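See structure below.
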Amino acid sequence: MITCKNCGNNFEGNFCNHCGQSSKTSRINLDFLWEDIQHGIFHYDKGIVFSGKSMFLKPGSIIKEYIDGKRVGHFRPISLSLVLAGIYALIYHLLTINLLTSDDKASIELYNKVFEHYYWFVFITIPLISLATALAFRKEGEYNFYEIFILESFKASQRLIVHILFLPVLYFFNSTKSVQNITNLLMIIDFGLILWTNLQFFNKLSWTNVLIRSLIGYVVYFLMVLLLAVVLLLLLGFDMDA
């Protein structure tokens, strides 16, 4: 007899006869991530609404449950971030939003380069923020890197949902000085969501400990993204002296 990790039902066979979850819910590893990437490209689940809503109720707790094996009904995390990144990029370009009011042509070109390759930017930075979080919380030791990767995939989706909801606001204030205030607010919300999720996910640590580690992880992530952006722009032929 096998005990279902999703609903607790005892059953025999490959799938739970109560909720339908597979009996093969092994620990998250590289094979799991690769399967998730393939699934995101070739398949589409029905759990996007459920997973999206869960990201704003008890995100840390939901992600812990997912990693521990409770996965029925959830849109796969990498697939979810892939879909949301595509939706964000599509809406952004359809609305023709200009977030810059500066006359600095180099800054405008730099920003346009980022959004021209936004689809890839999201997936390149998930491993970076996963590494930063793994380093910041390395003494916790309860989760491996691949499980932290799943955590950060969910958190990326969480932030993308917020940014998608803010796109109409940005469009309304298009090319005005208010845009800068809105983007600054989004950065604050982003870190607030990261901290809130980490507080629930790493709930064995004190809130001050989680706050400090989250700040360290965020700074390390920012520095890695900055370095990556410079390298990519050089490869794309961007003139850094312009």
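The values are calculated or read from the model by the stated rules, or taken from the named source; none is laboratory data. A quick note: this is a predicted structure, and the numbers were derived from the prediction, not measured. Note: ideal-geometry Cβ built from the backbone for every residue, glycine included; neighbour counts use all protein chains shown. Heads up: the accessible areas ignore ligands, DNA and RNA and are worked out on the full protein's heavy atoms, side chains in. Shrake-Rupley method; radii C 1.70, N 1.55, O 1.52, S 1.80 Å.
A compact table of results
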| quantity | calculated |
| --- | --- |
| Set LYS5/LYS204; LYS70/LYS139; LYS24/LYS139; LYS5/LYS53 screened for pairs whose C-alpha atoms are more than 27 Å apart | LYS24/LYS139 |
| Stretchable slack from ILE182 to THR3, in nm (0.36 nm times residue separation minus alpha-carbon distance) | 59.6 nm |
| MET224 - accessible surface, heavy atoms, 1.4 Å probe, Å² rounded to 10 | 40 |
| Stretchable slack from LEU167 to THR96, in nm (0.36 nm times residue separation minus alpha-carbon distance) | 24.5 nm |
| Largest-first ordering by accessible area, 1.4 Å probe, given options LYS24, LYS58 | LYS24, LYS58 |
| Zone of SER22's modelled label, taken as backbone nitrogen in region 62-90 under 17 Å from a point 7 Å along Cα→Cβ | 66-80 |
| Added length on full extension, which subtracts the Cα-Cα distance from 0.36 nm per residue, GLU142 to ASN14 | 43.3 nm |
| Estimated distance in nm for a label pair at LEU57 and PHE191, the labels positioned 7 Å out from Cα along Cα-to-Cβ | 3.0 |
| Computed accessible area, THR25, all protein chains, 1.4 angstrom probe, square angstrom | 20 |
